[in-house]
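Below: one structure, written as structure tokens.
The values are calculated or read from the model by the stated rules, or taken from the named source; none is laboratory data. From a predicted model like this one, the values you see are computed outputs, not experimental measurements. FYI the Cβ positions are ideal-geometry reconstructions off the backbone, even for glycines, and counts take in every protein chain you see. With ligands, DNA and RNA removed, areas are computed over all heavy atoms of the protein, side chains included. Shrake-Rupley method; radii C 1.70, N 1.55, O 1.52, S 1.80 Å.
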Protein chains: 2
Amino acid sequence: MKTMSNLDLIRSISQPSPKKIILLVIDGLGGVPNPKTGRTELETARTPNLDQLAHKGICGLTDPVGPGITPGSAPGHLALFGYDPIEFNIGRGVLEAVGVDFELMPGDIATRGNFCTIDEHGNVTDRRAGRITTEKCAELCRLLTGTKIRETTIFVQAVKEHRFIAVFRGGELSPEASDSDPQQTGVPAKLVAALHPRAEIMARVANEFIATARARLAGHHPANMVLLRGFSQHPHWPSMEEIYKVKAGAIASYPMYRGLARLVGMQVLDTGSTVQEEFATAAQRHKDFDFLFVHVKGADAAGEDGDFDRKVRVIEEVDSALPTLLGLKPDVFVVTGDHSTPAELKAHSWHPVPALLYSEVCRPDKANEFSESACLTGGLGRIPATALMPLAMANAFKLTKYGA
Amino acid sequence: MKTMSNLDLIRSISQPSPKKIILLVIDGLGGVPNPKTGRTELETARTPNLDQLAHKGICGLTDPVGPGITPGSAPGHLALFGYDPIEFNIGRGVLEAVGVDFELMPGDIATRGNFCTIDEHGNVTDRRAGRITTEKCAELCRLLTGTKIRETTIFVQAVKEHRFIAVFRGGELSPEASDSDPQQTGVPAKLVAALHPRAEIMARVANEFIATARARLAGHHPANMVLLRGFSQHPHWPSMEEIYKVKAGAIASYPMYRGLARLVGMQVLDTGSTVQEEFATAAQRHKDFDFLFVHVKGADAAGEDGDFDRKVRVIEEVDSALPTLLGLKPDVFVVTGDHSTPAELKAHSWHPVPALLYSEVCRPDKANEFSESACLTGGLGRIPATALMPLAMANAFKLTKYGA
């Protein structure tokens, strides 16, 4: 027997209401204690506004994918938008392409690329070509874009630093192809292999393109080779508007998060890159949307750099700017992360993520500060991150009763 | 769209690491409060080592199958090994056969048998034949093993006391057959019935074998009849090594747990039957494995006997011997039970099971003793028991990120 997926259930009971929801995602929010102090980044930061919101609201901890599973950015965000990140699986190539506003056509195969450095033996010595500038990357992309291999045209567009996208259009293409990126140095790039017979042309075209790129880049050390990964096609999922009956807007300055928001049908707004600029955009555009997703990247970046103090400062910066969002008096205000990025681990991690939800009808708990340890005692309990959207919807009276 | 099962997901992201995991299972660990003291067995026991570990680690409560579901030993352990005990269903016959090192062949149907006592009317008066000795059981098994019914040969092997296995080999057999064990006294043994047309020969052969056994046992009161249950076939599941990329060893003295460990591909080690002997085996063999499952039976047996004080003593014995395991400095140390066996109930129960996980990166909580009530406030929250393996894997850095 096929059971209804949770998203189908929510879609069947969602309804418009005049209430407005803000989802503020502090990327990589969760941490582990600093061994010197016993306190996490969030527990160290001075956050009077978040603490006040925790006091009035309801707190908990979320698992983005499941206990023990460390999420990438895409699964982490899809879960927050209510899409089961195992059911809704997305290729890296598509994600990057959507994130740089590349308009994918039906049949296109998108890949994520790195410019890299190879030595005279063809071995990769730097997978990121010394992190060349975005300008240099764009210049090199112009050498490669428009390449024709048999019936296929390859479009190459810079993303940031050494990162680009290569989109294959035309011919009998299929995304079941393996990465050329060896994910290590001291070895040559891999040949792209067909993972299914229908992807044989894809693999051959990709390998010929890579050979062409290598020839054209020969004089451009350190960016003298390309690595491709994440062959994928646009998934065409149901939009948040279809599921939740909301007009949804996204405020995010990093391409990947803009791309993710677009994949679930959000309108992506122009904004600046600082927390203050993002929150100002929210203030300007709040009236136009039922649901606003606001994304703050800095906490994750600081965590990945192992910079505990900088992550603390980013959280404090969010807290200082919070009155801009609070002043909009959203009916439902959710603050959480897409995953943990403890500075101690310098990487995304599996640790459950602090979450708080404020509404006038949330039935507050006794958590009166926003921290991992307070969230552990909170009224939300420990829940899958996919449960946050239904909870936000319910608190905004956007879900009718299930069953008679 | 078929979605990935959790085990497929874990398999897709698992990777080897030099870190080592110990899973210590105190069988039937969970309890309910003694009405005289208000404290459970675990709360009554003096457990300084476990308390210290709880203080440094992270605690919680697990549901082996689901809230309200009382697990048998097999589902309880499969959940701890990360195998969904509803998806991975195993017949009792196979479990017992694997547990006594009987080498099942493709097509074999294994059953669990009891020698029992029947009166002159054929009614069962004792389902366990007065718990005859294991030696007597082996002697009677020799009377029955090798019996041929039509194209089928039946192998009969003693397990312990009145328990044996009967394995049916050859002919058109199928495991969809009902038990002959009536699970009560004062009534005759049931006829084995085919639960599917393809099991009709199985049922006929089983009934003829039972009639033959009754005739041969006529002079062997109190063991003058047999009861069969759990007709089943070897399931051939993915091994822990395939799923988790670990070399897994099992230290358990009871046949069933050894059999269970073997079913998921663990190497089962020779060991003695006391806690001290089992832990000494762990100390000797720890270097050879990435994952060690150590099973302590006594707590469950005491709980089933309704012996609260003996269960307390078993837990204290584990605590006293714990330094042997702690001395191995496992990177991840998990201590839990496969289910609760409250002495008050003299049986397995549905109560969630205390669990603790220690690693250097576990993000400790405020639980500073190992008890049901402290676990209720712990950082693991209340989780399915199947989540413990992914968490242990994550804490041992044996899982890569899911998704980009």
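Quick grid of which residues meet (1) surrounded by 22 or more Cβ atoms within 10 Å (Cβ to Cβ); (2) assigned to a helix (DSSP H, G or I):
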{"residue": "A:ILE165", "(1), (2)": "yes, no"}
{"residue": "A:GLY171", "(1), (2)": "no, no"}
{"residue": "A:SER180", "(1), (2)": "yes, no"}
{"residue": "A:ASN207", "(1), (2)": "no, yes"}
**OP:** For the stretch A:148-159, indicate whether the set of residues that are under 24 Å from B:ALA404 (Cα atoms) and assigned to a loop (DSSP other than H, G, I, E, B) is non-empty.
**Re:** no
**OP:** With the checklist (1) away from every other protein chain (no Cβ under 12 Å); (2) open to solvent by 10 Å² or more (accessible area, probe 1.4 Å); (3) not hydroxyl-bearing (Ser, Thr, Tyr) in hand, flag the one item B:VAL318 doesn't pass.
**Re:** (2)
Original post:
Given the conditions (1) open to solvent by less than 10 Å² (accessible area, probe 1.4 Å); (2) at pLDDT below 95; (3) not in a helix (DSSP H, G or I), and given that A:GLY259 satisfies all but one, which numbered condition is not satisfied?
Top reply: (3)
Subject >> Members of the stretch A:58-105 found to be under 11 Å from the mean Cα position of the chain (by Cα) and among the hydroxyl-bearing types (Ser, Thr, Tyr), listed by number >> reply: A:SER73
**OP:** Select from the stretch A:92-101 the residues that are within 11 Å of chain B (Cβ to nearest Cβ) and open to solvent by 20 Å² or more (accessible area, probe 1.4 Å) and list them in ascending order.
**Re:** A:ARG92
Subject >> Residues (more than 24 Å from A:HIS348 (Cα to Cα), out of contact with any helix residue (DSSP H, G or I) (no Cβ under 7 Å at 6 or more places or on another chain) and open to solvent by less than 10 Å² (accessible area, probe 1.4 Å)) located in the stretch A:48-84 >> reply: A:LEU53, A:GLY57
**OP:** Say whether the condition of being open to solvent by less than 10 Å² (accessible area, probe 1.4 Å), farther than 30 Å from A:TRP237 by Cβ and more than 14 Å from every other protein chain (Cβ to nearest Cβ) is met by at least one residue in the stretch B:2-19.
**Re:** no
**OP:** Please work out if B:ARG39 is surrounded by fewer than 24 Cβ atoms within 10 Å (Cβ to Cβ) and either in contact with a strand residue (DSSP E or B) (Cβ under 7 Å, 6 or more places away or on another chain) or over 19 Å from B:GLY337 (Cβ atoms) (or both).
**Re:** no
Original post:
How many residues, within the stretch B:231-240, are buried (at least 21 other Cβ atoms within 10 Å of the Cβ) and either touching a Ser or Thr at 6+ places or on another chain (Cβ under 9 Å) or closer than 15 Å to B:VAL156 by Cα (or both)?
Top reply: 2
**OP:** Could you please let me know if A:ALA223 is surrounded by 15 or more Cβ atoms within 10 Å (Cβ to Cβ), modelled with pLDDT of 95 or more, part of a loop (DSSP other than H, G, I, E, B) and aliphatic (A, V, I, L, M)?
**Re:** yes
**OP:** Sort out which residues of the stretch A:392-404 are outside any loop (DSSP other than H, G, I, E, B) and out of contact with any strand residue (DSSP E or B) (no Cβ under 8 Å at 6 or more places or on another chain), and write them in order of number.
**Re:** A:ALA394
Subject >> Single unsatisfied condition, A:GLN267 versus (1) crowded, with 23+ Cβ neighbours inside 10 Å; (2) over 13 Å from the mean Cα position of the chain (by Cα) >> reply: (1)
Original post:
B:GLY28: within 13 Å of B:VAL353 (Cβ to Cβ) and within 14 Å of another protein chain (Cβ to nearest Cβ), yes or no?
Top reply: no
Original post:
What number of residues within the stretch A:347-391 are within 14 Å of another protein chain (Cβ to nearest Cβ), buried (at least 19 other Cβ atoms within 10 Å of the Cβ) and assigned to a strand (DSSP E or B)?
Top reply: 5
Original post:
Of (1) surrounded by fewer than 20 Cβ atoms within 10 Å (Cβ to Cβ); (2) at the interface with chain A (Cβ under 10 Å from one of its Cβ atoms), B:GLU344 satisfies all except one. Which?
Top reply: (2)
Subject >> In the stretch A:193-202, the residues that are open to solvent by 10 Å² or more (accessible area, probe 1.4 Å), outside any strand (DSSP E or B) and either closer than 20 Å to A:THR145 by Cα or not acidic (Asp, Glu) (or both) >> reply: A:ALA193, A:LEU195, A:HIS196, A:PRO197, A:ARG198, A:ILE201
Subject >> Tally, over the stretch A:80-130, of residues that are of a type in the set (Ser, Thr, Tyr) and closer than 13 Å to A:GLY230 by Cα >> reply: 1
**OP:** Find all pairs meeting these conditions: Cβ atoms under 6 angstrom apart; at least six residues apart or on different chains; first residue within the stretch A:36-64 and at pLDDT 95 or above; second residue part of a strand (DSSP E or B) and of a type in the set (D, E, K, R).
**Re:** A:LEU61/A:ARG382
Original post:
Of all residues in the stretch A:322-341, which are under 29 Å from B:ALA404 (Cβ atoms) and either assigned to a loop (DSSP other than H, G, I, E, B) or open to solvent by 10 Å² or more (accessible area, probe 1.4 Å) (or both)?
Top reply: A:GLY337, A:ASP338, A:HIS339, A:THR341
Original post:
Looking at A:LYS148, is it without any contact (Cβ under 8 Å) to a residue 12 or more places away in the chain and farther than 27 Å from B:ILE58 by Cβ?
Top reply: yes
Original post:
Which of (1) among the small types (Gly, Ala, Ser); (2) over 26 Å from the mean Cα position of the chain (by Cα); (3) open to solvent by 40 Å² or more (accessible area, probe 1.4 Å) does A:GLY130 not meet, given it meets every other one?
Top reply: (2)
Original post:
Taking the condition open to solvent by 30 Å² or more (accessible area, probe 1.4 Å) and either in contact with a strand residue (DSSP E or B) (Cβ under 9 Å, 6 or more places away or on another chain) or at pLDDT below 95 (or both), does A:GLU278 pass?
Top reply: no
